[in-house]
Amino acid sequence: MWALWAFGSALCAGASSVLAKCGIRETDSTLATALRTVVVLVMAWAVVLLAGAQKGIAAIPPAGWIFLVLSGLATGASWLCYFRALQLGDVNRVVPVDKLSTVLTILLAFAFLGEEPGAARLVCTAAIGAGSWLMAWQPGEGAPRPAAGHSWLFYALLSAFFAALTSILGKPGMAGIDSNLGTAIRTAVVLVMAWAVALATGRTAGLSAVSRKEGWFIALSGLATGGSWLCYFRALQLGPASAVAPIDKLSILVTVAFSRLALGERLSRRAAVGLALLVAGTLGMLAA
């Protein structure tokens, strides 16, 4: 059963990006992020309550709170940039650039945590970087709209940077804390940040203009993210982490498949090679 839960996690995570893309065709990406985070927060705290992890709140030290909040702010910045990138560019280009967070995490861990990557990890890092570059710079079909230019790349790179920062800040913040509880607390910080940005920039004025169709896609994207977390932690309870994690990371394959079916985005041969390198690098990183 653990394998089914793991594949369910990958399926939900892969579908989340495509559903989000469908929900921000006309809706502002910042407002969509704020709306989506409400759904994710409910799902995150549902996991906490089901696991009974809420009892650990009182045991979180002051330093733990500081790092959890900082990690949550980094997560919020990553999500805001990610959805802006999705609004401007193709899913098959944005997602692999966002995967560069793995590479940036290694570099930041080496710089700030003193973790030295071995030769195998360096090879895998190079494969992920090369695969991301090949997928992001696809010639011919699927090129970004002229009006958007390559600004999607700027936001996608920012998303990857803040995602990596999330991991670096989250490591000391999650020390001795239940992972479900830490995730729920970070999500609450993301919610406050997303709505604060939406209010400060006047994006909430467009709330009444959100179509019912896009509203459903935004909500479904949040449910997909929350469902991915539920399946992932259930799989970890039932099966070995060394097998669960690689299956979950295959979500990029699901994203590519869904983007082809739902959005009509095609992969060039160059991008297919990049996808193979990215997947191989990710699996190798988990096995290293």
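Can you tell me which residue among D28, D90 is within 22 Å of R203 (Cβ to Cβ) and more than 14 Å from the chain's Cα centre (by Cα)?
D28 is the lone residue from the list that is within 22 Å of R203 (Cβ to Cβ) and more than 14 Å from the chain's Cα centre (by Cα).
In region 93-107, what count of residues is obtained for those that are under 21 Å from R36 (Cα atoms) and open to solvent by less than 20 Å² (accessible area, probe 1.4 Å)?
2
If we keep just the residues of region 1-20 that are open to solvent by 20 Å² or more (accessible area, probe 1.4 Å) and closer than 23 Å to F83 by Cβ, which is nearest to the chain's Cα centre (by Cα)?
This residue is A13.
Tell me, which residue of region 21-50 that is touching a Leu at 6+ places or on another chain (Cβ under 9 Å) and free of Cβ contacts under 8 Å to residues at least 60 places away in the same chain is surrounded by the fewest Cβ atoms within 10 Å (Cβ to Cβ)?
L50
I need the full set of residues from region 51-60 which are touching a residue at least 40 places away in the same chain (Cβ under 8 Å), of a type outside the set (V, I, T) and either within 19 Å of T166 (Cβ to Cβ) or open to solvent by less than 40 Å² (accessible area, probe 1.4 Å) (or both), in order please.
A53, G56
Quick one: count up the residues across region 164-205 that are aliphatic (A, V, I, L, M), part of a helix (DSSP H, G or I) and open to solvent by 40 Å² or more (accessible area, probe 1.4 Å).
Residues meeting the conditions: 8.
Of the numbered conditions (1) of a type in the set (A, V, I, L, M); (2) open to solvent by 10 Å² or more (accessible area, probe 1.4 Å); (3) under 18 Å from Y232 (Cβ atoms), A63 fails exactly one; give the number of that condition.
(3)
When region 209-250 is examined, which residues are found to be at pLDDT 90 or above and of a type in the set (S, T, Y)?
Correct list: S211, S221.
The values are calculated or read from the model by the stated rules, or taken from the named source; none is laboratory data. The shown structure was predicted, so the numbers you read here are calculated from the model rather than taken from an experiment. Glycine gets a Cβ as well: all are built from the backbone with ideal geometry, and neighbour counts include every protein chain shown. Side chains are part of the model used for accessible areas, which takes the heavy atoms of the whole protein and leaves out ligands, DNA and RNA. Shrake-Rupley method; radii C 1.70, N 1.55, O 1.52, S 1.80 Å.
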